[in-house]
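The values are calculated or read from the model by the stated rules, or taken from the named source; none is laboratory data. No experiment lies behind these values; they were computed from the predicted model shown. Here the Cβ is made from the backbone with ideal geometry for all residues, glycine too, and neighbour counts use every protein chain on show. The area values use the complete protein model at the heavy-atom level, side chains included, leaving out ligands, DNA and RNA. Shrake-Rupley method; radii C 1.70, N 1.55, O 1.52, S 1.80 Å.
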Amino acid sequence: MIGILGGSGLYDIDGLQIIEERDIHTPFGEPSDRFVIADYRGKKAVFLPRHGKGHKYPPHLINYRANLWGFRKLGVKRILSISAVGGINPLLKPGDFVITDQFIDFTKVRPVTFYEGVYTIIDEEDQNNDLVKEYMSNDRVVHIDVTEPFCSAMRDTLKKVLSQTGNRFHIKGTYAATEGPRLETSAEIKALSRLGADIVGMTLVPEIVLARELSMHFASLNVVTNLAAGISGERLTSDEVIQMMKEKNDVIKQIVLMFIEELPEELNCSCEDVLKGAAI
Ligand code: HPA
C-alpha cells in the first residue's frame with residue numbers, strides 16, 4: 001500500500017474513492033491527522049496531511065515519528081511525500097517540480113530516530129515481525145546508510161509520470177532542510193547555495209530518515225513555490241507559497257493518481273535491505 005504525505009496547501013486528494021478514515025494512536029504520540037484510506041482503480045493508498053487539516057502543526061512540531069509509525073501500523077511500505085520548497089538553484093522557476101535525490105540536514109530540535117538504545121520506545125501492539133521490531137525490542141543502536149536516501153524505483157516512476165503531465169520538472173535536486181518556522185536570511189541561502197543545495201524546505205528531514213529506518217521506500221516531490229530569500233529581492237510571504245500550491249493543486253492530484261496507478265508491484269531497489277548489518 002502507498003502512503004501519501006501532503007504538504008502545505010494539500011489537505012486532501014479528491015478522485016480517490018475513500019474506504020475509511022482511521023484515527024491511529026502510537027506510543028510516540030498522535031499523528032498529524034486521521035489517515036484516509038482510499039482506493040484508486042483497484043489500488044489502495046493512504047493519505048495524511050503532515051501539517052494536519054487547517055495547517056495546525058508548524059514544521060518543527062510535526063510528530064514525524066507518530067506519522068511514520070501510523071503508516072507502518074496500516075501496512076504502508078512505500079511513501080510519496082509532497083512539499084512546497086523555495087528555489088535556490090538559478091535554473092529553478094516558481095511552479096517547477098523537483099524530484100529530490102539528496103538532502104542536507106540543518107534541523108535542530110526534532111526527534112530523529114526510532115532506535116534510541118536503552119531509551120527506545122516500544123510498541124507492544126506492533127504486529128510486524130521484522131528487523132525493525134527485533135532492533136527496537138532489543139534496545140539496539142542503529143546507524144542506517146543514507147548515501148542514496150531516496151527510492152530509485154519510485155523516482156523512476158515519478159519521472160515517467162511527470163514527463164506525461166507536461167509540467168516543467170527536474171529529475172534531481174538537493175534539498176536543504178532548515179528548522180524554521182522562520183524563513184531563511186539571504187546570507188543563509190547564499191551559504192546553502194555554495195554548499196550545493198538546489199531547494200530549501202522545512203519538513204523532509206526527519207521524515208525521509210524515519211521512513212528509511214522502518215525499511216520503507218520513499219520518494220519526495222517538491223513544488224517550487226517561491227525563489228528563496230534574497231534571490232528575487234522581494235520579501236517572502238506564506239501567501240505566495242499557499243497561492244502557488246493552490247495553482248498546482250489539480251496537477252499535483254493528477255500526478256498522485258497517476259503515480260498510484262503506475263508504481264510497479266515489484267520495486268527494483270535496495271531500500272528494504274537498509275537495516276541489514278546496521279545495528280551495533
Ligand atoms: N524556505 C523554506 N521553506 C519553504 C520555502 C522557503 O523559501 N518555500 C516553501 N517552503
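Being without any contact (Cβ under 8 Å) to a residue 60 or more places away in the chain and either farther than 20 Å from LEU80 by Cα or within 11 Å of the ligand (Cβ to nearest atom) (or both), is that true of even one residue in the range 172-184? Scanning the range 172-184 turns up at least one residue that is without any contact (Cβ under 8 Å) to a residue 60 or more places away in the chain and either farther than 20 Å from LEU80 by Cα or within 11 Å of the ligand (Cβ to nearest atom) (or both).
Before we move on, is VAL256 crowded, with 19+ Cβ neighbours inside 10 Å, touching a strand residue (DSSP E or B) at 6+ places or on another chain (Cβ under 9 Å), in contact (Cβ under 8 Å) with a residue 40 or more places away in the chain and not charged (D, E, K, R)? Against the criterion (crowded, with 19+ Cβ neighbours inside 10 Å, touching a strand residue (DSSP E or B) at 6+ places or on another chain (Cβ under 9 Å), in contact (Cβ under 8 Å) with a residue 40 or more places away in the chain and not charged (D, E, K, R)), VAL256 qualifies. Examine the range 213-228 for a residue that is within 20 Å of PRO90 (Cα to Cα), part of a loop (DSSP other than H, G, I, E, B) and among the hydrophobic types (A, V, I, L, M, F, W, C), and state whether such a residue exists. Yes, the range 213-228 contains at least one residue that is within 20 Å of PRO90 (Cα to Cα), part of a loop (DSSP other than H, G, I, E, B) and among the hydrophobic types (A, V, I, L, M, F, W, C).
Contact annotation: residue pairs with Cβ atoms under 8 Å, 6 or more positions apart or on different chains, pairing a residue in the range 47-60 that is in contact (Cβ under 8 Å) with a residue 40 or more places away in the chain and away from the ligand (no atom under 13 Å from the Cβ) with a partner that is among the aromatic types (Phe, Trp, Tyr) and open to solvent by 10 Å² or more (accessible area, probe 1.4 Å), are PRO49/TYR11; LYS53/TYR11; GLY54/TYR11. Considering the range 1-20, the residues that are of a type in the set (A, V, I, L, M) and part of a loop (DSSP other than H, G, I, E, B) include one that is surrounded by the fewest Cβ atoms within 10 Å (Cβ to Cβ), namely MET1. Annotation: GLY42 fulfils all but one of (1) closer than 20 Å to LEU257 by Cβ; (2) open to solvent by less than 10 Å² (accessible area, probe 1.4 Å); (3) of a type outside the set (Asp, Glu); the unmet one is (2). Screening ASP33, ASP23 for residues that are surrounded by 22 or more Cβ atoms within 10 Å (Cβ to Cβ) and away from the ligand (no atom under 16 Å from the Cβ) leaves exactly one candidate, ASP33.
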